[in-house]
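All remarks here apply to the structure that follows.
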C-alpha cells in the first residue's frame with residue numbers, strides 16, 4: 001500500500017462529492033436536526049434534565065456522533081458496493097498503478113473524511129443553537145475522524161461480504177439501529193439492565209458518544225479515546241483482507 | 001518472420017500460465033510471446049479464457065502458476081511499474097457516471113500522477129483524437145455507445161501507454177463506430193504502440209492483427225498470422241476458427 005496512491009482514490013471521491021454535495025448535504029443535515037428538535041424539545045418538555053443537564057443539551061453531542069456514524073457507514077456500504085459492482089469504478093481504478101490495498105485505504109480514508117464532515121456540520125449547528133458548554137468541542141473533531149474510520153472499516157467488511165445490495169438492510173436493522181438506540185444518545189445506558197451496558201461497551205458508537213459528550217462539557221476523555229484508537233487499529237486489517245478476496249474472486 | 005522477431009523486444013512473455021477459479025480451470029498452461037509494435041489478437045469462444053489472460057497481463061488478477069513478464073517485469077512483483085506503462089480498454093463500460101467526459105480523463109490521469117495542469121491539454125488532445133471533443137462538458141450518461149467506447153479508448157491513452165490491452169474493443173458497436181475504432185487503433189499501431197486484443201469478429205482480427213492466437217477451453221490451439229492460417233486450413237478466418245475450436249462448418 002502506498003499513501004499517495006490511496007490519496008488518488010480519495011481525490012476522486014472528493015471530486016465527485018464537491019460536484020454533487022448540494023443534492024445530498026441538506027438531507028444529511030435535516031435528519032439529525034429533526035431528531036434534535038423532536039426529541040430535544042418535544043420529549044425534553046417532559047424529561048427536563050438528565051444528570052443535571054437540560055435534555056436537549058444532553059442529546060446534542062450524541063447526535064454529532066450518530067451523524068458521523070451514519071455518514072461513514074452509508075459511504076462504505078452502499079457507496080463502496082455501488083462503485084465495486086454496478087459502476088465498476090474499482091475495475092477502472094485497478095487498471096491504473098493503484099492496487100487493491102491502495103484502493104481500500106482510499107475508500108476508508110474517504111469514509112472517515114465524510115463522517116468527520118457531517119459530524120463537524122452538526123457540531124456547528126448545535127454550537128449555534130447554544131447547546132455546547134465548552135469550546136473544547138473542537139478537540140473532538142480529530143476523534144470524529146477516528147470514530148468514522150471504525151464505522152468505515154466495519155461497513156467495508158459488510159460490503160466485502162454482502163452478496164447483494166439488499167443485504168445491507170440487515171446491516172442497518174440488526175446492527176446500526178440498535179447501536180443508535182442503545183449507545184447512550186437518548187438516555188444514560190446505566191438506566192438499562194447491566195447486559196445492555198456490557199454490550200454497548202463493545203460498540204464504537206457508545207465511545208464516540210462519550211467522547212463527544214465529554215468534550216462538549218469541557219472534560220478531556222481518556223479511556224474512550226484509547227478504546228477508539230485501539231479499535232480502529234485492530235479492525236483495520238480485515239477490510240483489506242476481505243476486499244482483496246472479494247475482488248480477486250473474479 | 002520469426003527470424004526478424006527474434007531481434008525485436010518482447011513486450012510480453014508468458015510461460016506455463018495457469019489460472020483457476022475455484023474448481024474451474026480458466027487458463028490451462030499456456031505459453032506465448034508478444035513482440036514490440038505488433039498487434040496480437042486472442043480469438044476463441046466465450047469462456048475460452050481470453051479475458052482472464054488479459055486481466056493477468058494488466059496485473060488485475062495474479063496467475064496461479066507460470067511466469068508472466070510484461071516489459072521484462074514479473075506481473076506479481078511491483079505491478080504498478082507495469083500498469084504505469086499500459087492502457088486498458090476493458091470489456092465493460094466502466095466510465096465514471098458521476099463525472100463529465102473531460103473530468104473522466106482528468107480524474108483518471110491523476111491515478112498516473114498526472115496533475116490537472118498537465119492532463120487538461122492532454123485530455124483535449126485525446127478527445128479530438130477520439131472525435132468527442134464537442135461532448136467534453138457532457139455527463140457520460142448522455143453519450144451513445146460508440147462515444148462511450150471512444151472515450152474509454154481516450155482514457156486508456158492518457159498515460160501515453162507503450163502497450164494497449166483491448167478486451168473486445170468493438171463489441172456492441174454499429175459498423176460506423178467499429179470502423180472509427182479500427183482507424184484509431186491502426187493510427188496507434190503506426191505510432192509504434194503494441195496492441196493486444198480479444199475479439200469475436202474475424203474481420204476485426206483480419207483488419208488489425210499481425211498474429212492471432214486461437215484459444216479454446218483454456219488452451220491455445222494455434223498461433224500464427226491470419227494469412228498463414230487461411231493458407232493452411234483454407235476458406236476464410238471464420239472457417240479456420242470454427243475448425244480449430246471443434247465446430248467445423250458443414251460442407
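Any residue at all in the range B:39-50 that is surrounded by 16 or more Cβ atoms within 10 Å (Cβ to Cβ), within 13 Å of another protein chain (Cβ to nearest Cβ) and either touching a helix residue (DSSP H, G or I) at 6+ places or on another chain (Cβ under 7 Å) or not in a strand (DSSP E or B) (or both)?
Yes, the range B:39-50 contains at least one residue that is surrounded by 16 or more Cβ atoms within 10 Å (Cβ to Cβ), within 13 Å of another protein chain (Cβ to nearest Cβ) and either touching a helix residue (DSSP H, G or I) at 6+ places or on another chain (Cβ under 7 Å) or not in a strand (DSSP E or B) (or both).
So is residue B:95 within 12 Å of another protein chain (Cβ to nearest Cβ), over 23 Å from residue B:151 (Cβ atoms) and in a loop (DSSP other than H, G, I, E, B) or not?
no
For the structure I just gave you, tell me whether residue B:212 is within 14 Å of the chain's Cα centre (by Cα), part of a strand (DSSP E or B) and surrounded by 21 or more Cβ atoms within 10 Å (Cβ to Cβ).
yes
Just to check your reading of the model, which residue among A:1, A:84 is within 14 Å of chain B (Cβ to nearest Cβ), in contact with a helix residue (DSSP H, G or I) (Cβ under 8 Å, 6 or more places away or on another chain) and under 28 Å from residue A:174 (Cα atoms)?
Only one candidate passes the filter, namely A:84.
State which residue is farthest from the chain's Cα centre (by Cα) when the search covers only the range B:138-157 and only residues that are within 13 Å of chain A (Cβ to nearest Cβ) and closer than 13 Å to residue B:97 by Cα.
B:139
Between a residue in the range A:97-109 that is under 18 Å from residue A:74 (Cα atoms) and any residue that is modelled with pLDDT under 95 and surrounded by fewer than 23 Cβ atoms within 10 Å (Cβ to Cβ), which pairs come within a Cβ distance under 7 Å, given they are 6 or more apart or on different chains?
Taking only residues 6 or more apart or on different chains, the pairs are A:105/A:1.
What residue, of A:119, A:106, A:147, A:115, is within 22 Å of residue A:230 (Cα to Cα), surrounded by fewer than 24 Cβ atoms within 10 Å (Cβ to Cβ) and in contact with a helix residue (DSSP H, G or I) (Cβ under 9 Å, 6 or more places away or on another chain)?
A:106
When only residues in the range B:158-174 that are within 11 Å of chain A (Cβ to nearest Cβ) and in contact with a strand residue (DSSP E or B) (Cβ under 7 Å, 6 or more places away or on another chain) count, which is surrounded by the fewest Cβ atoms within 10 Å (Cβ to Cβ)?
Selected residue: B:161.
The values are calculated or read from the model by the stated rules, or taken from the named source; none is laboratory data. Fair warning: this is a prediction, and the values are worked out from it, not measured in the lab. When we count neighbours, we look across all protein chains shown, and the Cβ atoms used for this are built from the backbone with ideal geometry, even at glycine.
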